[in-house]
Amino acid sequence: MLAAPGVQLGFGLAALLATAGAVRHDRVGPREVRAFRAVNGLPDSVYLPAWTVMQLGAFGAIPASAAAAGLAGDGELAARLLIGGTGTWALAKAVKRIVRRPRPVTLLPGIRRRGRDASGLGYLSGHAGVAVVLGVAALPRLSPGGRALTLTAIPLVGLSRVYVGAHFPLDIAGGAALGLAVNAAAGTAVRRYSTRPGQRRVRLGAARQLIAGMRHLARRA
């Protein structure tokens, strides 16, 4: 159903570099502005469902999804969600500091901001990245109905971030690309670890420590 990890990794990195190279610090292209306005200009009545969907890309979705996988007896998926999710979240912070694209409110007049104002830099979207890495990792384990819901929710997370005025479309594309690349790397790492002699199931103790460490960093960010 999904491309091989090497293909995912290559495509994700290529898309990440392409979107990072396309953004500018001081202006936004007319096509991106039109796409942004189309989503950001939707009525305020959409806010509650958009906010609900948006939480699927928040940091808290990482331990929540990993815990659900662990309770279902899938330790390998739980570890993959933890490693991929926290890795994407941390790398998104690093990429922001490298690219340094401001938020939409800094670059474009007439932004409709909804909810709590997003802080920090714009490119790339950590929410979009987390949604992709969690969703793509879980897809092979889901029922057909679950896959359909997941494939619907992933792009909606990114669109919700545009709707609330936190990101431009290229920010979302960059975040999705990062999530795809990290998912491929995390999946390969977890599979190699879990198939080592005496390590048929990934231990979750270190993963729990990773969650605690990332929560600490999140509070400081």
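What follows draws every value from the coordinates through simple rules; no lab data is involved. Nothing here was measured: the structure is a model prediction, and the numbers come from that model. Positions of Cβ are generated from backbone atoms using ideal geometry, with glycine treated the same way; all protein chains shown enter the neighbour counts.
Within region 44-90, take every residue that is of a type in the set (D, E, K, R) and in a helix (DSSP H, G or I) and give me the one that is nearest to ALA185 (Cα to Cα).
ARG80
Here's the yes/no breakdown for (1) surrounded by 14 or more Cβ atoms within 10 Å (Cβ to Cβ); (2) within 30 Å of ARG113 (Cβ to Cβ):
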{"residue": "VAL7", "(1), (2)": "no, no"}
{"residue": "GLY10", "(1), (2)": "yes, no"}
{"residue": "ALA14", "(1), (2)": "no, no"}
{"residue": "GLU32", "(1), (2)": "yes, yes"}
{"residue": "ALA35", "(1), (2)": "yes, yes"}
{"residue": "VAL39", "(1), (2)": "yes, yes"}
{"residue": "SER45", "(1), (2)": "no, yes"}
{"residue": "THR52", "(1), (2)": "no, yes"}
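In region 96-128, what residues are assigned to a helix (DSSP H, G or I), surrounded by fewer than 22 Cβ atoms within 10 Å (Cβ to Cβ) and touching a Phe, Trp or Tyr at 6+ places or on another chain (Cβ under 7 Å)?
Residues of region 96-128 that are assigned to a helix (DSSP H, G or I), as a first pass: 96-99, 104-107, 126-128.
Add one more test, that the residue is surrounded by fewer than 22 Cβ atoms within 10 Å (Cβ to Cβ), and what stays is 96-99, 105-107.
Passing the criteria: LYS96, VAL99.
Take the residues in region 19-45 that are in contact (Cβ under 8 Å) with a residue 24 or more places away in the chain and among the aliphatic types (A, V, I, L, M); name whichever of them is nearest to GLY174 (Cα to Cα).
That would be ALA20.
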